[in-house]
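The values are calculated or read from the model by the stated rules, or taken from the named source; none is laboratory data. What you see is a predicted model; the values in this text were computed from it and never measured. Every residue, glycine as well, gets a Cβ built from its backbone with ideal geometry; the counts of neighbours run over all protein chains shown. Note: areas computed on protein heavy atoms with side chains; ligands, DNA, RNA excluded. Shrake-Rupley method; radii C 1.70, N 1.55, O 1.52, S 1.80 Å.
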Amino acid sequence: MFDWNQDPHRRFNPLTEEWVLVSPHRTDRPWQGQMEKPAVETQPAYDPNCYLCPGNSRAGGVRNPTYTSTFVFDNDFAALKPGTPVAHFEQSGLLIAESEPGVCRVVCFSPQHNLTLAKMEAADIRIVVDTWVEQYQSLGADPNIGYVQIFENRGAMMGASNPHPHCQIWAGRALPDEPAKEQAALLAWRERNKSCLLCEYARLEESAAARTVEANPHFLTVVPFWAVWPFETMVIARRHMGSLDQFTAEERDGLADILKRVTARYDRLFDVSFPYSMGFHQRPTDGARHDEWHFHAHFYPPLLRSATVRKFLVGYEMLATPQRDITAEAAAERLRSV
Ligand SMILES: [Zn+2]
Ligand SMILES: [Zn+2]
Ligand SMILES: [Zn+2]
């Protein structure tokens, strides 16, 4: 008799139409890795050497204002530049390139160097949400900007070069691959079922409850059935809305609340400031309506079984398909218990 909690199986991600291999029996194998807790690093509220702290100077000599709330500036080492001329290159249908104009910004969540979303007050995160809305609207209004990606890299393990609480916004002309895969799947689902994939999925998870981690009146957080990262979660809006600018005031508060609760739960899991990459997927800003889009956030944390043991996507996962050991249900249960 097949046992979903023990036997190897594949799970399908209907949002990207990709598969993940789940091998729950492998959690029984002996573990040789290190398990010790890292030394807890305490950060000061102000760091004179931090290029994001108020009043400090950044690369190129620009000095930050003595900001008291959120602070937004164009990235000094931007991957995209607004004035990039339009160009297209193609040879034999094999060598294809196109120019990509865009804007890269940094959003400091707070003037205080040693805060994180988990430690901030929900009322202060609400100001960050308002800043995201403004940025999504103003960047999206530019006819050269077709998609606005807001994301946060938290922790040195995820390549975040600075602990100061901040996120990045990369806004470009093209729809990048991850949202493009989701858009195709959302459109196909809508066409086939005359409904929204994520509205249906949120309802299903809510009634199943096995993978639910957090909930409030406006958002639901689950370990997705098809999660790749051990403690991956997805924050799904309960109402069918395509983007941040369609939120009511209560929904903005709701997002602030659930982000705080999810990140605080992560911190409690291994008793460490939990590293992750987090970002929003929402409606492109290419001028079309995109009624198929349903706002959500993904948290991709690398930690596997302690503050120091991380998951790598290597070998089979680079060459074949991603794989995980603990099931999404077991991960959700761990997260609910802390
Ligand atoms: Zn700082
Ligand atoms: Zn929906
Ligand atoms: Zn997504």
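Here are the numbers:
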{"quantity": "Farthest positive-ward along the range 70-193 dipole, Cα basis, beta-carbon charges - from 109, 88, 136", "calculated": "109"}
{"quantity": "Protein accessible area in the range 99-254, 1.4 Å probe - carbon and sulfur %", "calculated": "54"}
{"quantity": "The range 167-214: proportion of alpha-carbon pairs further apart than 11 angstrom, %", "calculated": "74"}
{"quantity": "Sum of -39500 (n - 2.57) over DSSP H runs of 4+, divided by residues of the chain (222 nm, nearest 500)", "calculated": "-8000 deg cm²/dmol"}
{"quantity": "Formal net charge of residues neighbouring residue 96 (Cβ-Cβ distance under 15 Å; K, R +1; D, E -1)", "calculated": "-4"}
{"quantity": "DSSP-assigned coil residues among GluC sites (Glu not before Pro) in the range 275-338, each with at most 15 further Cβ atoms within 10 Å", "calculated": "none"}
{"quantity": "Exposed trypsin sites (Lys or Arg not before Pro) absent - longest run of the chain, DSSP non-H/G/I/E/B, at most 10 other C-beta within 10 Å", "calculated": "1-193"}
{"quantity": "In Å², nearest 10: area of residue 240 left accessible to a 1.4 Å probe", "calculated": "70"}
{"quantity": "Sum of side-chain charges, residue 327 neighbourhood, beta-carbon under 10 Å (Lys, Arg +1; Asp, Glu -1)", "calculated": "0"}
{"quantity": "Lys, Arg +1 and Asp, Glu -1 on Cβ, resulting dipole of the range 188-338 about Cα centre, debye, nearest 20", "calculated": "200"}
{"quantity": "Candidate aspartates and glutamates - alpha carbon under 14 Å from residue 119, same-chain residues fewer than 8 apart omitted", "calculated": "257, 267, 271"}
{"quantity": "Surrounding net charge for residue 245, when Lys and Arg each add one and Asp and Glu each subtract one, Cβ distance under 12 Å", "calculated": "-1"}
{"quantity": "Exposure ranking of 326, 127, 258, 96 by accessible area [1.4 Å probe, largest first]", "calculated": "96, 127, 326, 258"}
{"quantity": "Candidate aspartates and glutamates for bridging to residue 81, where Cα separation is under 16 Å - those fewer than 8 sequence places away on the same chain excluded", "calculated": "98, 100, 142"}
{"quantity": "Length-normalised contact order for the chain - Cα pairs under 8 Å, 6+ apart - percent", "calculated": "22"}
{"quantity": "Positive-end residue of 217, 258, 184, charge dipole of the range 173-291 with Cβ unit charges", "calculated": "184"}
{"quantity": "Mean accessible surface per residue for the chain, computed with a 1.4 Å probe while every protein chain stays in place, in Å²", "calculated": "48"}
{"quantity": "Candidate lysines for bridging to residue 194, where Cα separation is under 24 Å - those fewer than 8 sequence places away on the same chain excluded", "calculated": "181"}
